[in-house]
1. Hey, which lysines would be in cross-link range of Lys43, C-alpha to C-alpha under 27 Å, not counting anything within fewer than 8 residues on its own chain?
2. Calculate, axis by axis, the spread of Cα positions in the stretch 1-95 along the three principal axes, and write the results as whole Å, longest axis first.
3. In nm, to one decimal, how far is the Ser52 label point from the Ser102 one, both placed 7 Å along Cα→Cβ?
4. So in the chain, what percent of DSSP beta bridges are antiparallel if you round to the nearest 5?
5. Out of Tyr94, Gly56, Gly15, whose Cα points farthest toward the positive end of the dipole of the chain (charges: +1 Lys, Arg; -1 Asp, Glu; placed on Cβ)?
6. Toward the positive end of the charge dipole of the stretch 9-119, about the Cα centre and with charges on Cβ (Lys, Arg +1; Asp, Glu -1), which of Gly26, Gly65, Gly110 goes farthest?
7. Pairwise over distinct Cα atoms, reciprocal of the mean inverse distance: report the Kirkwood radius of the stretch 42-119 in Å, one decimal place.
8. Any idea what the dipole of the chain comes to, in debye rounded to 20, about its Cα centre with Lys/Arg Cβ at +1 and Asp/Glu Cβ at -1?
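Derivation of every value follows stated rules applied to the coordinates shown; laboratory data play no part. None of the values given here were measured: they were computed from a predicted structure. Methodologically, a virtual Cβ is constructed for each residue, glycine included, from the backbone with ideal geometry; neighbour enumeration extends over all protein chains shown.
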Amino acid sequence: QVQLVESGGGLVQAGGSLRLSCAASGSTASINAIGWYRQAPDKQRELVAAISSRGGTNYADSVKGRFTISRDNTKNTVYLQMNSLKPEDTAVYYCNAGRYYSGSYFQYWGQGTQVTVSS
């Protein structure tokens, strides 16, 4: 089992910055990758950024150059640094962890944190 807790969301003006945190507990040694997803009203949940257990990263085209995903293994925490925020970044952001167990791939989700960017 893996438990995820997000924090760091809030209200900021366009052009501002936020840093989201995802703290993982439980069977953290078996996690293959952690990703940040977001879901805005009337839109599907989409992958924003992901980082693998070996440090490889992927970003959505819409956030490249503005967002950075990183990790602190000593704290079992993954961060999403968001700079140059735009109103279209407004969404609920979710942390997701993927883990292999007994030949199957399991995914775990945090509760989400609201990010609102005003014009």
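1. Counting by Cα, and skipping residues close in sequence, Lys43 has these lysines nearby: Lys64, Lys86.
2. 37, 24, 21
3. 2.7 nm
4. On the way: 44 of 48 bridges.
Given both bridge residues lie in the chain, the antiparallel proportion sits at roughly 90 percent.
5. In the chain, that residue is Gly56.
6. About the Cα centre, the residue reaching furthest to the positive side is Gly26.
7. Working: mean 1/r = 0.0710 Å⁻¹.
When all Cα pairs of the stretch 42-119 are included, the Kirkwood radius is 14.1 Å.
8. Working: 11 positive and 7 negative charges, 48 e Å.
Using Cβ point charges on Lys, Arg, Asp and Glu, the chain gives about 240 debye.
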